[in-house]
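The values are calculated or read from the model by the stated rules, or taken from the named source; none is laboratory data. Computed from a predicted structure; not experimentally measured. In this analysis, Cβ positions are derived from the backbone assuming ideal geometry, glycine residues included, and neighbour counts consider all displayed protein chains.
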Amino acid sequence: MPLDLETLDTAPDATYNRVMLKISGEALMGDQGFGLHPPTVQRIAREVKTVHDMGVEICMVIGGGNIFRGLSGAAQGMERTTADYMGMLATVMNALAMQSALEDIGVFCRVISAIPMDQVCEPYIRRRAVRHLEKKRVCIFAAGTGNPYFTTDTAATLRANEMGCEAIFKGTKVDGVYDKDPEKFDDAKRYDTVSFDDVLAKRLGVMDASAIALARDNNLPIIVFSLDEPGGFRGILAGKGTYTKVSG
C-alpha cells in the first residue's frame, strides 16, 4: 500500500545523513522494452527530491542495462572488455538523463564519471565529490569503476564507502529480499533482516558477490526496497515503509 505522503510531511528527521541510491538501468524503461521512458525518469527524480528536501545528502549509481549490458554483449560473442566499456558509456547516458530531470525540479546535481569526458560531465575526484555533497548537490556516479569486469553494484558499494555513506539503498521492483522470486512463487518469504553471509551463502541476488563482500568488510548496510512504491524512499528514511536490511 502506498505511503501517506501527507503523514510523511510531519515525519521525524531522516535516519541517515548521507546515502547511496543504487537503481538498475531497467528501472528507467517504464513499460518499454528498451531505452529511457521520460515520465519514469521524472517520477524517480521526484522521489529523490523528497529525500533531498529532508536534508539528506544523496549519491546515485544507475546501471546501463536499459541501453547495453556488457555481460550480454560478451555472451553474444563480443570481446568482454569492449562490451563492458560500452556498458559503462550507457550508464553515463542514464546519469545525464537523471541529472536533467533533477535540475528541472530544482535539485542541483553533478554527474561524475570514472571515465574522463570533460565536455559532458566531471571526472571522478574524491575530494571534489565530497565537497559537492557537503553543498547539498546530488552526485550521480557514472561509468562504473572505470574498469571492465566490475558491475555497477560494485561501483555503488565502492563509491558509497569512498563518500562515507551510511547506507546503500537498492531500489528494486519488490519490497525487499525474498528467499525465492515472489513474482513466480506465492509462498516466497520476505526477510526483514538478513546477514551478508546469508545473502552470499543462499545466493539471494541482492547484489553481486563482490559488492556484498565489500559492503560486509566495511560494515555498510544495504536497504532493499521497492522503487515503484510512491514515497517509499522517503518513507524508509523517516522510519516507515517495508524493506529488508542487509547487514552484519
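Inspection of segment 36-49 finds a residue satisfying the criterion of being at pLDDT 95 or above, touching an Asp or Glu at 6+ places or on another chain (Cβ under 8 Å) and within 15 Å of Gly232 (Cβ to Cβ). When the residues of segment 10-39 are filtered to those that are small (Gly, Ala, Ser) and under 23 Å from Met207 (Cα atoms), the one that is nearest to the chain's Cα centre (by Cα) is Ser24.
Restricted to segment 122-230, the set of helices (runs of 4 or more DSSP H) holding at least 1 residues that are touching a residue at least 60 places away in the same chain (Cβ under 8 Å) and closer than 30 Å to Val107 by Cα comprises 126-134, 152-162, 209-217. For segment 75-100, the tally of residues that are surrounded by 18 or more Cβ atoms within 10 Å (Cβ to Cβ) and either of a type in the set (Val, Ile, Thr) or in contact with an Asp or Glu (Cβ under 9 Å, 6 or more places away or on another chain) (or both) stands at 2. Of the residues making up segment 101-155, those that are more than 19 Å from Ile67 (Cα to Cα) and of a type in the set (Gly, Ala, Ser) are Gly106, Ala129.
Within segment 177-193, is there a residue that is crowded, with 20+ Cβ neighbours inside 10 Å and within 28 Å of Ile112 (Cβ to Cβ)? No, segment 177-193 contains no residue that is crowded, with 20+ Cβ neighbours inside 10 Å and within 28 Å of Ile112 (Cβ to Cβ). Regarding Ser210, is this residue surrounded by fewer than 22 Cβ atoms within 10 Å (Cβ to Cβ) and more than 27 Å from Thr40 (Cα to Cα)? The answer is yes for Ser210.
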